[in-house]
Amino acid sequence: MTRDTTTTVNPSGPSRDYTVHRLSRGGALVSRIIHMVALTLSGAADRLFRAVLGSGNAKMRKTAKLLSACTPHAWRGLSWSLPAVSTCAMARRCKAYCYALQGRFSATTVALAHVQNWHALETLYALGGESLVTDTIARTLTRLTLRGRKFSATLIRWHAAGDFHRAWYARALSAAVSRASVECASRGRLCVVYLYTKRIDMVRSGLLTANAGPLPSSGAVLRVVQSVGGTLDHLIDYDRPHARVFGTHEERKLAGYVDGNDERADIPAIVGETRIGLVYHGSLSASTVGLKSSRTDNY
Ligand code: SF4
């Protein structure tokens, strides 16, 4: 409304000018209120989001330690998850014996945190749409990466449990990482967000990019690994990073996949390896979940 003063003033009549002037003042007031509400909202959104971005598990700590030993950065590891299964629309057999419903994931506090995360995300979207989700994630990534002096790089495992349940969420995360990159780079800090996804449709359509190649020295990057075993396997680009689950390490080695489990923790996904082999480590036996030597994929 304030733009009206320059575009619609009628030079022939003072009464018209007066009306426009009043409209302009009213518009300025409304826009100030909107701005204040947006600021309050974004502050609340930041708190809502940050409260549920958890410190990483033992694997994350191991990965951060390994990265600290082989890069110029000192790394910290964090993670963000959503409820498993219910957000994994393109998962197939793994829903029946999901690792994210077993072990430490089965603790009530962990399961509740994942529900809280989902709630935070949906609340942000309901309040301010995709742009508020993007802003909030971008601010969170930037603040976490720039926080303190002990760590110069931050590693975030996105979706230790869960997957992208909405296109706006995938778009928001991609945009947020790009946005955070500018400030992180200007301060010489590095933020790496990495994830495995069965939303191959989102990778195919460009919402998410499965990229290989060395890490930059600063900025923020999103590492996306296509996860084999979902309903959209026929869309996977096997020349780009993808992960396949095997019953044993012998089967993984025979198929020519690097170890994405133990020895190098999550480093293959982070540095952009193309063929990543994960060995099933849930509490059920490999044969129970159908990972016999005769079948080493489609977990
Ligand atoms: S995609 Fe992962 S988190 Fe989702 S159901 Fe399958 S194993 Fe569980």
Ranked by how many other beta carbons lie within 10 Å on average, peptides 219-231, 146-158, 240-252 from highest
219-231, 240-252, 146-158
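How would you classify segment 187-259 from its alpha-carbon gyration tensor, with a ≥ b ≥ c the square roots of the eigenvalues: rounded for a/c under 1.5, else prolate if a/b is greater than b/c, otherwise oblate?
Since a/c reaches 1.5 but b/c is at least a/b, the shape of segment 187-259 is classed as oblate.
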I'm checking a number: the convex hull volume of the Cα atoms of segment 62-153, normalised per residue, in Å³. What is it?
148
Among the lysines, select those whose C-alpha is under 25 Å from the C-alpha of LYS95, and discard any that sit fewer than 8 residues away in the same chain.
LYS59, LYS198, LYS292
Size of segment 57-279 as Cα extents on the principal axes (Å, biggest first):
44, 41, 36
All lysines inside 16 Å of LYS150 as judged from Cα atoms, apart from same-chain residues fewer than 8 positions distant:
LYS65
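Each value in this text was obtained by applying a stated rule to the coordinates, not by laboratory testing. Treat the numbers as computed from the prediction; the structure is a model and nothing was measured. When we count neighbours, we look across all protein chains shown, and the Cβ atoms used for this are built from the backbone with ideal geometry, even at glycine.
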